[in-house]
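Bear in mind these aren't lab numbers, they're just calculated from the coordinates by the rules spelled out. All of these numbers come straight from a predicted model, not from anything done at the bench. Ideal geometry is used to build each Cβ from the backbone, glycine not excepted, and the neighbour counts take in all protein chains shown.
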């Protein structure tokens, strides 16, 4: 995989991460499942999307912002998964025990 | 004279289709500012479809606030809430526009005719639309939270 492909994958990943985080936050707000972190998700995702679309309209994207948004989404994904399904419950039939 | 000018500008606003104006400007912008980008069609399709989904979300959330409840799909199949919730949003708000944008803009390369028709645009419709949707959706989310006492 060349440098171009890695950078392209990184761009796509940060765009996708921004979209997924924003989509999740707005869906939770719509359904009334919001917490204070939901608004942080919405803000981070919105900034990530703005950063991703800037070059298409003559602006310049800041690579660090894309990386932070991608990292935030990645940590948020695994953090939320780990919180709701801790490893200690993986091999139990009933996760509520 | 002034009244005639106002009528004329109002008339021309209705003659142009805002949907196509946004698309034409967005396509022209990405071709102008990123001429070497090979996958520009996917990029602009991705960007504008997300903005359209935000647009629909803003309308639906304010309708909900004013008592018009629209039943929407709420997925719950994966262990990750993030996947369920974002896919629910994509199905409810983005999927109609994925279909619509593909059929009206990219199918049979219709975008070539659209760009040709609206080639001399003075206003950056695409940029303003994207900015207003990003800011509008975020402000709507915060305002809705405040008004419904959830913040």
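Some observations on this one:
- Between B:91, B:42, B:50, the GNM of chain B built on Cα springs shorter than 10 angstrom shows B:42 fluctuating the most.
- Residue mean of other protein chain beta carbons inside 10 Å, A:12-21: 3
- Average beta carbon contacts from partner chains per residue of A:28-36, 10 Å cutoff: 6
- For B:86, B:95, B:140, order by how many other beta-carbon atoms lie within 10 Å, fewest first: B:95, B:140, B:86
- When each of B:127, B:18 is scored by the number of other beta-carbon atoms lying within 10 Å, the sequence from fewest to most is B:18, B:127.
- Computed from Cα atoms, the angle from the helix A:3-31 axis to the main principal axis of chain A rounds to 50 degrees.
- Chain B: angle of helix B:2-15 to the longest principal axis, Cα-based, in degrees nearest 10: 60 degrees
- Take each residue in B:137-146, count the other chain C-beta atoms within 10 Å of its C-beta, and the mean is 5.
- Using alpha-carbon coordinates, inclination of helix A:36-53 to the longest axis of chain A, degrees: 30 degrees
- Anisotropy class of chain B from Cα gyration tensor, a/c 1.5 cut: oblate
- Exposure proxy ranking for A:47, A:64, B:60, based on other Cβ atoms within 10 angstrom of each Cβ and starting from the fewest, stands as A:64, B:60, A:47.
- Model label points for residue B:76 and residue B:104, set 7 angstrom from Cα along the Cα-to-Cβ axis, are 3.5 nm apart.
- Whole-number percent relative contact order across the stretch B:15-101, with pairs defined as alpha carbons under 8 Å at least 6 apart: 28 percent
- A straight line joining the Cα centroids of the stretch B:114-147 and the stretch A:19-45 runs 20 Å.
- Rounded FRET efficiency, nearest 0.05, which uses the C-beta distance separating residue B:66 from residue B:42 and R0 of 35 Å: 0.45
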